[in-house]
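The values are calculated or read from the model by the stated rules, or taken from the named source; none is laboratory data. Predicted model only: the values in this text are computed from it and were never measured. Glycine gets a Cβ as well: all are built from the backbone with ideal geometry, and neighbour counts include every protein chain shown. Each accessible area value is taken on the protein alone, full model and side chains, heavy atoms only, with ligands, DNA and RNA left out. Shrake-Rupley method; radii C 1.70, N 1.55, O 1.52, S 1.80 Å.
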Amino acid sequence: METLDLLLQGLASALAFDNLIAVLIGVLLGLAVGALPALGPAAGVAILLPAIVNLDPTVAIAGLAGVYYGAMYGGAVTSILIGVPGDSSSMMTIVDGYPLAKKGQAGRALGMAVYASFVGGLISLVLMTFLSAPVARTALAFGPVEMTAIIVLALCLVTVLGEDDVFKGYLGLGFGLWIGMIGLDPVSGTPRFTFNNFHLLEGIDFTIVVVGMYGLGQIFAALGQGQGGKAETAAYTLKSLFPRFSDFLKCKWTLVTSSLIGFVVGILPGAGATAATIFSYAVAKRTSKTPEEFGSGAIEGVAAPEASNNAASYSAMIPLFTLGIPGSGTTAVMLGGLLMLGLEPGPRLFSQQPEFIWSLIGTFYIGNISLVFLTLALIPVLAALVFLKNAILFPIVIGVVFFGVYSVGYSVMDVVIAALFGLAGYVFTKARYPMLPILLGVILGPLLERAIRRSLIISQGDVGIFFSSAISVVVFGAAIVLFVYGVIWPAVKSAMGKRAQEA
């Protein structure tokens, strides 16, 4: 009851005019940043940092947090409408959202994205309200060994995400892992695969890879098919611009499961919303009654990643506030904002600054609700974009992509790299290689390398450390089962079938 009383007090405080204005500005900026390719929530929060220095702490952090979860909503817009991810956490939304838009069901996909984001955010907020402290303590049990096991399990999801040809999926995964290794060795500082280009010493930002391969690659593939006239859409009707209530009922369990996955994965340091969307999409596809529809316009394929990425954006703040440990790049920037305001995150923050904490949590609830109305109001206008002619739409999209990529580091070289990955995406699309395993390797490869290196440094080179934890043993076991079930067993069945036919 005490927690509920504190929450009600926080909600009342959050309704103060200054807090409401901060939330509104934050979520609007977040929507814009999320929709602009390559920027992402971390860049949006960083842009707003200089403006919060002299503000009240609750007002300041409410604005920064609004940018964060607003960007999670905004990332779905370009992913669904034009097939270009706002940032890596909206990558999975493209897989089914963009095909729905091309069928003339953009509003249906956008409506589900908004609804799923709201549900994911609400479930995560409720869990955050009542479970912050114990969940944060549990997350501390996940060290580099446990994170290694979790990332290996995520990589084994290629058996689910690799579409029909698992072999091509693993080849793509290997290519993605190689891209992730470009740059300086994280321990020794030795250059790797930089081809004597100093620009590659810092590696290749995964947002550039994602935007290039998914955004530009799909556009190049469409141009190659000679579709320079009208967009590939069904008949334009007002009804097609709005969501269907039946979709909400169809996806109810997907929404709950994906929200819980997002909440758990978001808490783990270094995992972030991108990993959460990958896990939730794979689970949704594996448990669906119609998995064959995924990749061609399954509404559950939109609901799962959107629910999980918004849930993860809130749960990532649990270790930030309770332990002072940022769970993602965006919360690391927010940590800087807290320190700028003279606040020291950690266990004492809840006891020493209860009014700040609960008022802030209250603004999260208000922001989650306000985003629903803001985004739904814009759906008819936004969805109409897909009915533009490709001859008009494609140059606009390419220009927006290049502007977004350039604005990250103000480097022409980043634009060139994005264009090269666009060509690579075109080649892989034509060769029928699934794109997701490649991007999976790019995103998770560096995380896996760091986790393995840290584990081996701790054990002084003893690989037995990976089996010293009960958590890691269970997770590695799950990865082995998934690999056997998805790769070895189908190969054995195929060989047995051929022998039976020959006999």
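Within region 138-173, restricting attention to residues that are modelled with pLDDT under 65 and of a type in the set (D, E, K, R), the residue that is nearest to Leu349 (Cα to Cα) is Glu163.
Can Val475 be described as at pLDDT 85 or above and under 24 Å from Leu177 (Cβ atoms)? Answer is yes for this residue.
Condition (residue is polar (S, T, N, Q), modelled with pLDDT under 75, surrounded by 14 or more Cβ atoms within 10 Å (Cβ to Cβ) and more than 30 Å from Val59 (Cα to Cα)) applied to region 391-414: is it met by at least one residue?
Within region 391-414, the subset polar (S, T, N, Q) is 407, 411.
Then drop every residue that is not modelled with pLDDT under 75, which leaves 407.
Among the residues that remain, those that are also surrounded by 14 or more Cβ atoms within 10 Å (Cβ to Cβ) are: 407.
From the residues that got through so far, the ones that are more than 30 Å from Val59 (Cα to Cα) too are none.
No, every residue in region 391-414 fails to be polar (S, T, N, Q), modelled with pLDDT under 75, surrounded by 14 or more Cβ atoms within 10 Å (Cβ to Cβ) and more than 30 Å from Val59 (Cα to Cα).
Go through Gly461, Gly477, Gly497 for me and flag whichever is over 30 Å from the mean Cα position of the chain (by Cα), closer than 22 Å to Pro144 by Cβ and free of Cβ contacts under 8 Å to residues at least 40 places away in the same chain. Step by step, each of Gly461, Gly477, Gly497 is checked, and only Gly461 is over 30 Å from the mean Cα position of the chain (by Cα), closer than 22 Å to Pro144 by Cβ and free of Cβ contacts under 8 Å to residues at least 40 places away in the same chain.
Specify which of the listed residues (Gly461, Gly425, Gly399) is over 23 Å from Thr78 (Cβ atoms) and out of contact with any His (no Cβ under 6 Å at 6 or more places or on another chain). Spell out the reasoning first.
On the way: Gly425 fails: over 23 Å from Thr78 (Cβ atoms); Gly399 fails: over 23 Å from Thr78 (Cβ atoms).
Only one candidate qualifies: Gly461.
Inspection of region 77-96 finds no residue satisfying the criterion of being among the hydroxyl-bearing types (Ser, Thr, Tyr), at pLDDT 80 or above and farther than 16 Å from Thr207 by Cα.
Remark: pairs (first residue in region 306-333, over 17 Å from Gln353 (Cβ atoms); second residue modelled with pLDDT of 80 or more and open to solvent by 20 Å² or more (accessible area, probe 1.4 Å); Cβ separation under 6 Å; 6+ apart in sequence or on different chains) = Ala307/Val119; Ser308/Ile261.
For region 195-224, which residues satisfy the criterion of being outside any helix (DSSP H, G or I) and over 27 Å from Val84 (Cα atoms)? Quick ask: steps written out before the conclusion?
Going residue by residue through region 195-224, those that are outside any helix (DSSP H, G or I) are 195-197, 203-205.
Selection gives Phe195, Asn196, Asn197.
If you take the residues of region 263-307 that are surrounded by fewer than 24 Cβ atoms within 10 Å (Cβ to Cβ) and polar (S, T, N, Q), which of them is farthest from Ile80 (Cα to Cα)? The qualifying residue farthest from Ile80 (Cα to Cα) is Thr287. Looking only at region 345-378, filter to residues that are within 21 Å of Gly75 (Cβ to Cβ) and modelled with pLDDT under 80; which one of those is surrounded by the fewest Cβ atoms within 10 Å (Cβ to Cβ)? In this case the residue turns out to be Ala377.
Residues satisfying the criterion are absent from region 465-483 (criterion: open to solvent by less than 60 Å² (accessible area, probe 1.4 Å) and farther than 22 Å from Leu268 by Cβ). When the criteria are applied in full, Arg432 meets the requirement of being touching a residue at least 24 places away in the same chain (Cβ under 8 Å), surrounded by fewer than 13 Cβ atoms within 10 Å (Cβ to Cβ), within 30 Å of Gly217 (Cβ to Cβ) and not hydrophobic (A, V, I, L, M, F, W, C). Just one of the listed residues (Leu420, Leu440) is closer than 25 Å to Ser89 by Cα and either at pLDDT 85 or above or open to solvent by 20 Å² or more (accessible area, probe 1.4 Å) (or both), namely Leu420. None of Val77, Val84, Val95, Val53 is farther than 30 Å from Leu436 by Cβ and in contact (Cβ under 8 Å) with a residue 40 or more places away in the chain except Val53. Elements of the type helices (runs of 4 or more DSSP H) sitting completely within region 23-110 and holding at least 1 residues that are among the polar types (S, T, N, Q) and surrounded by fewer than 24 Cβ atoms within 10 Å (Cβ to Cβ): there are none.
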